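Below is one structure; the comments refer to it alone.
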Amino acid sequence: MTNQDNVQVRRIYESPLPTDGTRVLVDRLWPRGVSKESAHLDAWDRTIAPSTALRKWYGHAPERYEEFASRYRLELQDPERAQRLVDLRRLARSGPLTLLTAAKRSDISEATVIAQVLGESPVELSTPWR
């Protein structure tokens, strides 16, 4: 089980902290004004990010967040994204995990949805029996 306390969400524009642990950017697009050197990333996971259509529809409008979160949770069931959740869950088991976003309000971002999903009961992917 993932220790939810091991997963935090922060803006990529904030200075790294020693308590960040593994830092993973979960945005599809690279953040404006941030160099790859100054980002202090361990990984950039574009695969888990919301689809372009969903991202554009949402536009980080607070009144659309609940619907966005619901639609994004459906997208996270896609096999490739679901596997990335498994990988992130493994990282969180091994120590602190910081999900990074460029969103102005990280509390209504895809990173927050991912953190919530990681805190729920895991569904491990496996190869089906044949």
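Throughout, read-outs are computed from the coordinates displayed, never taken from laboratory work. Remember, it's a predicted structure, so these values are computed and weren't measured experimentally. Methodologically, a virtual Cβ is constructed for each residue, glycine included, from the backbone with ideal geometry; neighbour enumeration extends over all protein chains shown.
Below are the figures for this structure:
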read-out: Filter result (under 17 Å from T112 (Cα atoms) and either aliphatic (A, V, I, L, M) or part of a helix (DSSP H, G or I) (or both)) within the stretch 89-100; value: R89, L91, A92, L97, L99, L100
read-out: The lone exception for V86 - which of (1) part of a loop (DSSP other than H, G, I, E, B); (2) of a type in the set (A, V, I, L, M); (3) more than 11 Å from the chain's Cα centre (by Cα) it fails; value: (1)
read-out: Search result, residues across the stretch 1-52 that are of a type in the set (D, E), assigned to a helix (DSSP H, G or I) and surrounded by 15 or more Cβ atoms within 10 Å (Cβ to Cβ); value: D20
read-out: Verdict on R55 being out of contact with any Asp or Glu (no Cβ under 9 Å at 6 or more places or on another chain), part of a helix (DSSP H, G or I), surrounded by 14 or more Cβ atoms within 10 Å (Cβ to Cβ) and on the phi < 0 side of the Ramachandran plot; value: no
read-out: Selection within the stretch 58-67 - assigned to a helix (DSSP H, G or I) and touching a residue at least 24 places away in the same chain (Cβ under 8 Å); value: P62, Y65
read-out: Residue in the stretch 120-128 that is crowded, with 17+ Cβ neighbours inside 10 Å and within 16 Å of the chain's Cα centre (by Cα) present; value: no
